[in-house]
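**Q** Take this structure first; my questions come after.
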Amino acid sequence: MKKPKSTKRYCPFCNKRTDHKIKLLSTGIKRGTLKKGGIDRAKLRGRGRGYGNKGRWGSKPAVTKWKRKTKNTKKAVFIYTCQTCKKSHQSKKGMRISKVMLE
Ligand SMILES: [Zn+2]
């Protein structure tokens, strides 16, 4: 899905329609990166080195037929930043889309 980088939108702080910049909310950090059992730390410890199917320690999980991913879309949340008051707010409803391109 293509989306413009800026639009005119209602600003709840200015209480009128103003120019807004659109930004996609990032998914954030990966879970368990600081844990001892986390893959990043386990690799530093020397687990999952070498070649071949590493299963749990590989870059990709060992995928079997019943473990295959079923969902191919994610909810995308957009952040709208008002250009007059510089305050930002989110879209009320997230959209389920596979890929977002801001242009
Ligand atoms: Zn505003």
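The values are calculated or read from the model by the stated rules, or taken from the named source; none is laboratory data. Treat the numbers as computed from the prediction; the structure is a model and nothing was measured. So basically every Cβ, Gly included, is an ideal-geometry build from the backbone, and we count neighbours across all protein chains shown.
**Q** Condition first: within 19 Å of the chain's Cα centre (by Cα) and free of Cβ contacts under 8 Å to residues at least 60 places away in the same chain. Now tell me which residues in region 13-45 satisfy that.
**A** Of everything in region 13-45, those that are within 19 Å of the chain's Cα centre (by Cα) and free of Cβ contacts under 8 Å to residues at least 60 places away in the same chain turn out to be Ser26, Thr27, Gly28, Ile29, Lys30, Arg31, Gly32, Thr33.
**Q** Moving on. Name the residues in region 1-54 that are touching a Phe, Trp or Tyr at 6+ places or on another chain (Cβ under 8 Å), over 27 Å from Met101 (Cβ atoms) and not in a loop (DSSP other than H, G, I, E, B), would you?
**A** Lys16, Ile39, Ala42, Lys43
**Q** Quick one: what pairs do we get from region 51-77, first residue over 24 Å from Lys36 (Cβ atoms), second of a type in the set (Lys, Arg) and modelled with pLDDT of 75 or more, C-beta under 6 Å, 6+ apart or different chains?
**A** Listed by first residue and then by second, the contacts come to Thr73/Arg96; Lys75/Arg96.
**Q** Arg96: surrounded by 10 or more Cβ atoms within 10 Å (Cβ to Cβ), at pLDDT 80 or above, more than 26 Å from Leu25 (Cβ to Cβ) and out of contact with any Phe, Trp or Tyr (no Cβ under 7 Å at 6 or more places or on another chain), yes or no?
**A** no
**Q** Across region 81-101, what is the total count of residues that are outside any loop (DSSP other than H, G, I, E, B), closer than 14 Å to Thr7 by Cβ and out of contact with any Lys or Arg (no Cβ under 6 Å at 6 or more places or on another chain)?
**A** 3
Yes/no per residue for (1) in contact with an Asp or Glu (Cβ under 6 Å, 6 or more places away or on another chain); (2) within 16 Å of the ligand (Cβ to nearest atom):
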{"site": "Arg9", "(1), (2)": "no, yes"}
{"site": "Asn15", "(1), (2)": "no, yes"}
{"site": "Ile22", "(1), (2)": "no, yes"}
{"site": "Ile29", "(1), (2)": "no, no"}
{"site": "Thr33", "(1), (2)": "yes, no"}
{"site": "Lys36", "(1), (2)": "no, no"}
{"site": "Gly52", "(1), (2)": "no, no"}
